[in-house]
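Novice: This structure is in C-alpha cells; I'll ask about it shortly.
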Amino acid sequence: MSTVPALQRSSTSVTAPIPVPAAAGEHTAYRPDRRRTPRRTPGWWRDAGIVAFWGINLVVTALWVKGGGLQDLTAGTGAALTSLGRITAMISSALLLVQVFLMARVPLVERAWGPDGLVRLHRYVGFTSFNLMLAHILLITLGYAAGSPNGLWGTIVELVVDYPGMLLAVAGTLALCMVVVTSVRKARARLRYESWHLIHLYGYLGAGLALPHQLWTGQEFLDSTAATWFWWTAYAVTAAAVLVYRLGVPAWRSLRSPIRVVDVRAEGPDATTVTVSGKEIGDWGTQAGQFFQWRFLDGPGWTRAHPYSISAAPTADTLRFTAAHLGDGSAALAHLRPGTRVLLEGPYGRLHPGVRTQPRVLLWGAGIGITPMRAILEELDAAPGDVTVIHRTSTPDGAVLVEELSSLAKSRDARYFLVSGHRRPGAATWLPASAGERTDVDALRELVPDIADHDVYLCGAPAWMDAARDAALAAGVPATRIHLERFAY
Ligand SMILES: Cc1cc2nc3c(=O)[nH]c(=O)nc-3n(C[C@H](O)[C@H](O)[C@H](O)COP(=O)(O)OP(=O)(O)OC[C@H]3O[C@@H](n4cnc5c(N)ncnc54)[C@H](O)[C@@H]3O)c2cc1C
C-alpha cells in the first residue's frame with residue numbers, strides 16, 4: 001500500500017492510500033520483454049531545421065537582390081513600392097510552404113519539434129506569412145498605381161482582371177483570410193473542432209490558388225533559371241511531403257496489413273479501453289506515451305480522425321488506448337465491435353521514454369491525461385525508487401486505470417500517489433481544495449522532495465497543466481526537463 005506521509009499527517013489529506021491488488025491481473029502484469037531501447041532524437045535535428053529555415057529565407061532574399069530588388073528601391077516611389085511588394089510576396093510564399101511542410105507529419109520534423117512545438121511554430125510562421133501577404137497586396141497595388149494613369153481603383157481592377165492568375169489569387173487570399181480569422185484564439189474557441197478543422201483545410205486551397213499568379217506574372221519566379229528551380233523545388237518538396245506522409249504512408253500501412261479491434265473494455269461508465277492488432281504494428285518504432293490519429297471503419301463518422309495516446313507499452317502486434325467519453329466520437333468507442341477495421345496515422349508526439357535526461361522521473365497526469373503515463377511507466381527502464389507517479393483526479397471513483405497503475409507501480413518499485421478532490425473554483429492550482437493552505441510547490445515537494453533532479457512528464461487538462469508546469473518550474477525543474485502533451489487542438 002502506497003502512503004503519502006506528510007500529506008496524510010495533515011488534517012486535510014489530499015490523497016487516498018492506494019490498495020495494491022495482491023495478484024496482478026491480465027492487463028496489469030509488467031512484462032520486461034516489452035521494454036525496448038528508447039528512441040532518442042538527436043538535438044542537432046532541431047538545429048538543422050532552424051538552419052534550413054533561415055537558409056530558405058536567405059535564398060529568397062538573394063534571388064530578390066539578384067533580380068534588381070535593391071536597385072529598384074532607389075528608382076522612384078513606384079519602383080520602390082513594387083520592389084518591396086515583391087520581397088514581401090516571396091518571403092510570404094516561402095513561409096506558406098514552410099507552414100504546409102510543418103504540418104505534413106514528416107517523421108523527422110515531428111520527432112525534432114513534437115506536436116506542441118510544431119503547433120506553436122505553425123501559428124508563428126502562419127501569422128507572419130499572412131501579414132506579409134497583406135503587405136504584398138498593399139505595396140504592389142500602390143506601386144503599380146504610382147505609375148499608372150488609371151488611379152488607385154483603376155489599377156486594382158486592372159491587376160485583378162488583366163493579369164493572368166490573379167482571379168485565382170484573389171480566391172486563394174480569401175481562403176487564407178478565412179483560415180487566419182478562425183485561428184485567432186477567441187474565434188477558434190467558439191467553433192466546434194470539426195468546423196475549425198474543415199475551414200483549416202482551405203489553407204491548402206489558398207496555397208494552391210496562389211501558385212498560378214506567381215508562375216504567370218511573378219517576376220522572381222521567372223527571372224532566372226535559379227529562381228525557377230528554387231520555387232519549383234520548394235513547391236514539389238512540400239506537395240510530396242503532404243502526399244507521402246499525410247496520405248501515402250497511412251494508406252499503405254493500413255491496406256498492406258489490416259488492423260482490427262480485438263478488445264473493447266469499459267473503464268467505469270465514462271471511459272473505454274480499446275486494443276487493436278495488426279501484423280506489422282510492432283515495426284513502426286512506436287514508443288509508450290505517443291499518440292496516433294485513429295479512424296474506425298464502423299459507420300458514417302469514420303472520416304473524422306481522433307487523436308488518442310497509447311495507454312500500454314506497444315507489443316509486436318498490438319496497440320491500446322483509453323479514452324474518456326467527452327463527445328459523440330469518444331462515447332461511440334464503447335460500442336465498437338471486435339473485428340472492426342482501423343486506419344491509423346502515427347506514431348506522433350514527444351511524450352515518451354526517449355526524451356528522458358535524468359535517472360529520476362515524475363509521471364504526472366490528471367484525469368484522462370494519466371493514460372500515457374501508464375504506458376510510460378510500463379516501458380521506462382528505471383531503478384527501484386526512481387519513478388514517482390502522481391495521479392490527479394476529481395473523485396477517486398472516477399479515476400481510470402487505478403488498479404493497473406498501482407499494480408504496475410508495485411512491480412516496478414515506483415511510488416504511486418492518487419491525489420483526488422475538486423479544485424477550488426476559479427483557482428489556478430494543480431491541487432484539490434482539500435490541500436488547504438499548501439502552495440502548489442510545497443505540495444509537490446512533499447510528494448517528491450528531490451523534484452529538481454527529475455524529468456517531469458505532464459499530461460492533463462490545459463489549465464491544470466499550466467499550474468502543474470509552473471509548480472515544477474518553481475520547484476527547480478528546468479523547462480527542458482518538462483515534457484508534455486496537450487489533449488487539445
Ligand atoms: C495529442 C492528443 C492526444 C489525445 N489523447 C487522448 C487520450 O489518450 N484519451 C482521451 O480520452 N482523449 C485524448 N485526446 C482528446 C481526444 O482526442 C478528444 O477528446 C476526442 O477527439 C473528442 O472527440 P469527440 O467526438 O468525442 O468529442 P467532441 O464533442 O467532438 O469534442 C469534445 C472535445 O474534444 C476536442 N476535440 C474533438 N475532436 C478533436 C480532435 N480531433 N483533436 C483534438 N481535440 C479534439 C474538442 O475541442 C472538444 O473540447 C487527445 C487529444 C490530443 C490532441
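The values are calculated or read from the model by the stated rules, or taken from the named source; none is laboratory data. Just so it is clear, the structure is predicted and the values come from calculations on it, not from any experiment. Glycine also receives a Cβ, built like all others from the backbone with ideal geometry; neighbour counts cover every protein chain displayed. Side chains are part of the model used for accessible areas, which takes the heavy atoms of the whole protein and leaves out ligands, DNA and RNA. Shrake-Rupley method; radii C 1.70, N 1.55, O 1.52, S 1.80 Å.
Novice: Could you list the GluC sites (Glu not before Pro) in segment 333-438 that lie in coil according to DSSP, counting only those with at most 13 other Cβ atoms within 10 Å of their Cβ? It would help to have the intermediate numbers written out before the result.
Specialist: Working: sites: Glu345, Glu378, Glu379, Glu403, Glu404, Glu437; in loops: Glu437.
Of the GluC sites (Glu not before Pro), the ones in loops of segment 333-438 whose Cβ has at most 13 other Cβ atoms within 10 Å are Glu437.
Novice: Could you give log10 I(q)/I(0) at q = 0.05, 0.06, 0.14 Å⁻¹ for the chain, computed by the Debye formula over C-alpha point scatterers of equal weight, without solvent?
Specialist: -0.25, -0.35, -1.31
Novice: Here's something else I'd like to know. Out of the DSSP beta bridges found with both residues in the chain, what percent are antiparallel (nearest 5)?
Specialist: On the way: 28 of 51 bridges.
Given both bridge residues lie in the chain, the antiparallel proportion sits at roughly 55 percent.
Novice: Further question on the same structure: Could you check the spin-label model distance between Tyr124 and Asp413? Points 7 Å from the Cα along Cα→Cβ, value in nm.
Specialist: According to this spin-label approximation, the distance is 4.2 nm.
Novice: Each label point is 7 Å from the Cα along the Cα-to-Cβ direction; what then is the distance between the points at Arg424 and Asp317, in nm?
Specialist: A separation of 5.5 nm, rounded to one decimal place.
Novice: In the chain, with Lys and Arg counted as +1 and Asp and Glu as -1 at Cβ, which of these residues, Leu380, Trp232, Pro314, has the Cα nearest the positive end of the dipole, that is, farthest along it?
Specialist: Working it through, the farthest residue towards the positive pole turns out to be Pro314.
Novice: With the contact rule set at Cα under 8 Å and sequence spacing of 6 or more, what percent relative contact order holds for the chain?
Specialist: Computed value for the chain: 16 percent relative contact order.
Novice: Here's another thing I want to ask about it. Report the label-to-label distance for Ala488 and Leu255 in nanometres (one decimal), using points 7 Å from each Cα along the Cα→Cβ vector.
Specialist: 3.9 nm
Novice: Go ahead and estimate [θ] at 222 nm for the chain from helices alone: -39,500 (n - 2.57) per DSSP H run with n ≥ 4, summed, over the residue count, rounded to 500. The partial results should precede the final answer.
Specialist: Working: 18 runs with 229 residues, N = 489.
Rounded to the nearest 500, the figure is -15000 deg cm²/dmol.
Novice: Provide Rg over Rh for segment 260-348; use the alpha carbon set for both Rg and the Kirkwood Rh (inverse mean inverse pair distance).
Specialist: 0.92
Novice: Further question: May I ask you to derive the FRET efficiency for Ala266 and Ala433 from their Cβ-Cβ distance with R0 = 25 Å, giving the value to the nearest 0.05?
Specialist: My answer for the efficiency is 0.25.
Novice: To the nearest Å, what is the center-to-center distance of segment 409-454 and segment 281-323, using C-alpha atoms only?
Specialist: 30 Å
Novice: Here's something else I'd like to know. Determine Rg/Rh for segment 44-251; Rg is computed over alpha-carbon atoms and Rh is the Kirkwood hydrodynamic estimate from the same atoms. Working shown, then result.
Specialist: On the way: Rg = 17.9 Å, Rh = 18.1 Å.
Using only Cα positions, Rg/Rh for segment 44-251 is 0.99.
Novice: I want the local charge near Arg260. Using Cβ-Cβ distances under 15 Å, sum +1 for each Lys or Arg and -1 for each Asp or Glu among the other residues. If you can, show how the numbers build up before the last one.
Specialist: On the way: positive: Arg253, Arg256, Lys279, Arg295, Arg320, Arg337, Arg341; negative: Asp263, Glu280, Asp298, Asp317.
For residues surrounding Arg260, the net value is +3.
Novice: Accessible area per residue, 1.4 Å probe, Å², for the chain: what's the number? Walk me through the numbers on the way to the answer.
Specialist: Numbers: 22990 Å² over 489 residues.
On a per-residue basis, the chain sits at 47 Å².
Novice: Carbon and sulfur atoms: what percent of the 1.4 Å accessible area of the chain do they account for?
Specialist: On the way: 14510 of 22990 Å².
Exposed carbon and sulfur together represent 63 percent of the surface.
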